[in-house]
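Asks: I have a structure here, written as structure tokens, and I will follow up with some questions on it.
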Amino acid sequence: MFDEILNHHSFEEDADFLPLISMEEEDDAQSNEQFPENLPVLALKNTVLFPGIVIPITVGRDKSIKAINEAYENGKVVAVLSQKDSEVEDPAAKDLYNIGTVARILKLLRMPDGTTTAILQGRRRFELVEMLQESPFMRGTIQLLDYTSPENKLEFEALIASILDLARQIIELSPNIPSEAMVMLKNISNPSFLMNFISSNLGSKISVKQKILEINDLREKADTILRQLHNELQLLELKDKIENKVRVDIEKQQRDYFLNQQLKTIQEELGQNPQEEELQKMVIRARKKKWPEVIGEAFKKEMSKLRRMNPQAADYSVQLNYLELLLDLPWQSYSKDNFNLKRVREILDKDHFGLDKVKQRILEHLAVLKLKGDMKAPIICLVGPPGVGKTSLGRSIAKALKRNFVRMSLGGLHDESEIRGHRKTYIGAMPGRILQSLKRAGTSNPVFILDEIDKVGKDFRGDPSSALLEVLDPEQNGTFSDNYLELEYDLSKVLFIATANSLSTIQPALLDRMEIIEISGYSMEEKVEIAKRHLIPEQRKEHGLEAKHVRIKPDVLAAIIQSYTRESGVRSLNRQIAGVMRHVAKNVAMEEKYSPTIRKSDLKDILGPSKFDRDIYQEVAVPGVAIGLAWTPVGGDILFIESSLSPGKGKLTLTGNLGDVMKESATTALSFLKAKAKQFGLKPEVFDEYDVHLHVPEGAIPKDGPSAGITMLTTLTSAFSGRPVKPYLAMTGEITLRGKVLPVGGIKEKILAAKRAGIREIILCKDNQKHVEQVDQEYLGDLQFHYVDRMDEVLDVALSGEVAPSFKGTVAVN
């Protein structure tokens with residue numbers, strides 16, 4: 001604010017500032033001084049002239065020089081108005097405020113550079129009534145304004161005292177304002193002039209000062225000035241606080257530096273070296289460390305190099321970090337395996353229901369370790385859809401073996417150095433995540449989960465999957481080399497377990513190093529058991545409930561699985577059970593009456609409407625409709641395949657969002673049927689007389705794969721022959737032009753889907769019989785299987801002997 005009290009400046013153009021010359025205290029509120037109605041008008045660029053205030057201005061514009069000369073020669077009185085925008089060089093009436101101050105010209109000085117300096121003293125406020133002329137200078141008609149005296153004199157005096165007090169605080173906080181400024185303020189006895197003087201020296205914008213000038217009521221004017229002073233005081237206090245904080249921080253840094261230098265000097269005088277003490281502790285740790293002899297020699301060599309370095313050098317900290325890594329790595333530190341195989345089996349069965357193949361493989365590995373005492377750890381890759389428990393199975397294996405557990409997610413990994421580490425010479429170099437994980441595990445034989453190995457990326461930074469070859473190759477990982485470590489590390493004792501959702505995106509060379517164990521989806525019966533044994537107790541605990549608070553029966557769990565989830569695993573089922581638990585927790589917490597036993601009818605209110613409709617077989621007696629079995633990432637499904645004939649020229653139309661492989665299966669089936677037309681009792685010429693339309697419903701869902709081959713041939717044969725497909729029959733298998741039936745995958749999921757849908761008979765390739773035998777017999781129920789080798793056998797089983805009545809006598813049937 002008061003930066004201008006002793007050096008008050010104002011200018012009409014871009015001219016040099018001149019100091020304040022004098023002040024004249026006059027009671028403007030009571031002044032009866034009169035002035036002519038028509039006066040020359042002078043525009044000020046970036047200041048506001050208040051009554052009683054004396055300011056020097058430098059006049060440079062032609063209009064302003066003419067106006068000031070005219071006023072000086074005729075009464076030395078000029079009307080002063082401020083510009084709304086200081087950037088306007090040739091202001092007109094619209095560019096000026098309407099209220100200004102009549103000023104006397106105390107002195108007019110002609111400067112050597114051609115400019116004119118005028119010293120003005122504000123006298124009375126006025127309002128511009130009309131602008132009479134704008135050229136060669138501005139002249140206008142004015143009306144003088146008076147102030148309204150305050151009604152409550154005592155309150156007004158208190159306001160003036162508050163203004164003086166704030167002004168004093170501002171002067172004390174401002175380093176640029178001399179203390180004499182306060183003496184000057186105390187010597188002003190006229191309240192009106194005091195307010196004008198303070199307003200003139202405020203650090204506020206021109207618009208704010210102009211607003212203060214326009215206020216007629218002295219009480220309101222004092223309030224406005226008081227608010228502006230408050231704002232300015234807060235700004236100064238904040239500025240002072242920031243400056244003090246910066247000053248304290250700098251002083252603390254300087255103090256710490258000097259103290260450290262003094263401490264260093266004292267330690268040197270006493271023969272002490274803090275760096276040497278730290279290095280000595282590392283040497284003691286190295287003596288106790290159990291590691292290969294070559295690593296011990298490397299440590300001594302690197303330690304010797306560190307001692308020769310200047311502690312102030314940048315490489316000193318790099319070398320120190322390297323030595324600390326050597327000490328932190330668990331070189332020959334191994335946890336003792338749990339060779340109680342029955343106990344291991346109990347732990348695995350307790351933590352995971354099913355997954356017998358994986359459990360059997362782990363027990364075999366432990367059995368060999370127990371008998372032989374040492375063997376290279378296998379690289380196991382668990383492949384299966386999301387939510388089947390691949391990662392949690394690794395944690396259970398670590399628990400069963402009593403080994404440490406470490407997990408490393410490879411999803412989205414692009415940089416090869418994440419596996420091998422960086423060279424020490426790079427800024428910010430660090431070891432790869434393999435060694436970092438082993439350092440965190442604390443032993444050299446942990447169970448190491450490599451999660452999402454099928455989602456490793458590849459770009460210009462390298463190919464991480466190629467870097468993983470050395471990690472996962474049992475013949476190479478005994479001498480794994482990290483770029484940062486630059487020494488060989490033995491990973492052969494680590495039990496690596498990789499997880500993947502699909503094998504198709506894994507590099508073939510990497511896939512060759514791993515032992516693949518497929519974990520297919522769970523059946524509904526398995527999901528019910530998993531929910532009873534694991535999911536419900538865990539969710540009940542997570543939601544602060546007890547067993548008495550909620551009971552979910554198997555039939556309700558089955559309803560949740562069928563109507564609210566569609567997945568191979570149990571992740572979505574876990575979320576739905578959590579939704580039930582939240583509903584119960586709300587009732588318990590609010591002490592509302594409810595039934596602890598959850599019924600099927602309650603699911604709609606708790607979980608909302610059913611999300612999925614169960615695929616139920618619907619008996620279709622119309623020829624040209626057959627049921628296929630499909631595998632999806634979320635389990636098996638039944639598939640209706642329909643065929644219809646219409647008069648035409650033998651065109652084949654395929655619809656239902658089919659992939660290329662599925663389209664080729666349909667073309668192959670039709671070609672085979674044409675070639676064997678007489679064998680199936682068909683006239684060869686009908687294929688040229690009828691168009692065939694083959695459709696697979698649910699057209700919004702993409703479908704692909706070879707397993708619908710025999711189903712397509714069956715539906716086409718049924719459509720041409722008029723013989724309907726046997727009810728409650730489903731099939732899956734690939735076909736060839738020779739009429740062979742080939743095996744397909746996903747048999748377990750397809751069989752379970754057929755059983756859920758109410759299918760009674762299934763046609764499969766003979767080679768798929770071994771897959772059926774791997775499925776638990778209790779899940780098969782009374783399903784009847786037909787194992788075939790050729791398409792003739794499929795049609796013999798699938799088609800009924802009688803032609804549909806609507807097809808008798810048509811040209812399509814021989």
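Asks: Can you give me the ranges of the strands (runs of 3 or more DSSP E) entirely in region 653-765 with at least 3 residues that are over 21 Å from Asp789 (Cβ atoms)?
Replies: Once the strands (runs of 3 or more DSSP E) in region 653-765 are filtered for at least 3 residues that are over 21 Å from Asp789 (Cβ atoms), what remains is 690-695.
Asks: So, one more: Please identify the pairs in which a residue from region 94-115 that is assigned by TED's automatic domain parsing to the domain that holds Glu127 has its Cβ atom under 8 Å from the Cβ atom of a residue that is of a type in the set (Phe, Trp, Tyr), counting only partners at least 6 apart or on another chain.
Replies: Between residues of region 94-115 that are assigned by TED's automatic domain parsing to the domain that holds Glu127 and residues that are of a type in the set (Phe, Trp, Tyr), the close pairs are Ile99/Phe126; Gly100/Phe126; Thr101/Phe50; Thr101/Phe126; Val102/Phe35; Val102/Phe126; Ile105/Tyr72; Leu108/Tyr72.
Asks: Based on what the data block shows, is Gln210 in the same structural domain as Asn46 (by TED's automatic domain parsing) and among the polar types (S, T, N, Q)?
Replies: For Gln210, the condition - in the same structural domain as Asn46 (by TED's automatic domain parsing) and among the polar types (S, T, N, Q) - is not met.
Listed here are the residues, each with its yes/no results for (1) among the hydroxyl-bearing types (Ser, Thr, Tyr); (2) crowded, with 21+ Cβ neighbours inside 10 Å; (3) under 23 Å from Leu510 (Cβ atoms).
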| site | (1), (2), (3) |
| --- | --- |
| Ile397 | no, yes, yes |
| Leu401 | no, yes, no |
| Asn404 | no, no, no |
| Asp415 | no, no, yes |
| Arg420 | no, yes, yes |
| Lys424 | no, no, no |
| Arg440 | no, no, no |
| Glu452 | no, no, yes |
| Ser466 | yes, no, yes |
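Asks: From the set of residues in region 550-568 that are modelled with pLDDT of 85 or more and farther than 14 Å from Ser610 by Cα, which is surrounded by the fewest Cβ atoms within 10 Å (Cβ to Cβ)?
Replies: Checked region 550-568; the qualifying residue surrounded by the fewest Cβ atoms within 10 Å (Cβ to Cβ) is Asp555.
Asks: Kindly indicate which of Lys726, Lys750 is at pLDDT 85 or above and buried (at least 24 other Cβ atoms within 10 Å of the Cβ).
Replies: Lys750 is the lone residue from the list that is at pLDDT 85 or above and buried (at least 24 other Cβ atoms within 10 Å of the Cβ).
Asks: Check whether at least one residue in region 182-199 is within 45 Å of the chain's Cα centre (by Cα) and not assigned by TED's automatic domain parsing to the domain that holds Asp85, and report yes or no.
Replies: Checking region 182-199: not a single residue is within 45 Å of the chain's Cα centre (by Cα) and not assigned by TED's automatic domain parsing to the domain that holds Asp85.
Asks: Is there any pair linking a residue in region 763-778 that is at negative phi and surrounded by 12 or more Cβ atoms within 10 Å (Cβ to Cβ) to one that is among the aliphatic types (A, V, I, L, M) and part of a loop (DSSP other than H, G, I, E, B), with Cβ under 8 Å and at least six apart or on different chains, and which?
Replies: Close Cβ pairs (under 8 Å, with a partner that is among the aliphatic types (A, V, I, L, M) and part of a loop (DSSP other than H, G, I, E, B)) amount to Cys765/Val744; Asn768/Val744.
Asks: Still on this model: Being crowded, with 24+ Cβ neighbours inside 10 Å, more than 50 Å from the chain's Cα centre (by Cα), among the polar types (S, T, N, Q) and within 30 Å of Val772 (Cα to Cα) narrows it down to one residue among Ser707, Ser718; which is it?
Replies: None of the others qualify; the one that does is Ser718.
Asks: Return the residues of region 390-410 that are closer than 21 Å to Ser572 by Cα and in contact with a strand residue (DSSP E or B) (Cβ under 9 Å, 6 or more places away or on another chain); say none if nothing qualifies.
Replies: Passing the criteria: Lys390, Thr391, Leu393, Gly394, Arg395.
Asks: Also, I was wondering about something else. Name every residue in region 739-776 that is farther than 28 Å from Leu673 by Cβ, of a type in the set (Lys, Arg) and either more than 46 Å from the chain's Cα centre (by Cα) or not assigned by TED's automatic domain parsing to the domain that holds Lys726 (or both), in order of residue number.
Replies: The answer is Lys770, and nothing else.
Asks: Oh, and also: Check whether at least one residue in region 87-110 is modelled with pLDDT of 85 or more, more than 23 Å from Leu213 (Cα to Cα), in a strand (DSSP E or B) and among the β-branched types (Val, Ile, Thr), and report yes or no.
Replies: There is no residue in region 87-110 that is modelled with pLDDT of 85 or more, more than 23 Å from Leu213 (Cα to Cα), in a strand (DSSP E or B) and among the β-branched types (Val, Ile, Thr).
Asks: Something else now. Filter region 130-170 down to the residues that are surrounded by 14 or more Cβ atoms within 10 Å (Cβ to Cβ), outside the structural domain of Gln34 (by TED's automatic domain parsing) and small (Gly, Ala, Ser) and list them by number.
Replies: Once the filter is applied, which keeps residues that are surrounded by 14 or more Cβ atoms within 10 Å (Cβ to Cβ), outside the structural domain of Gln34 (by TED's automatic domain parsing) and small (Gly, Ala, Ser), region 130-170 yields Ser162, Ala167.
The values are calculated or read from the model by the stated rules, or taken from the named source; none is laboratory data. Just so you know, these numbers come straight off a predicted model, no measurement behind them. Cβ coordinates were reconstructed from backbone atoms using ideal geometry, including for glycine residues, and neighbour counts include every protein chain displayed.
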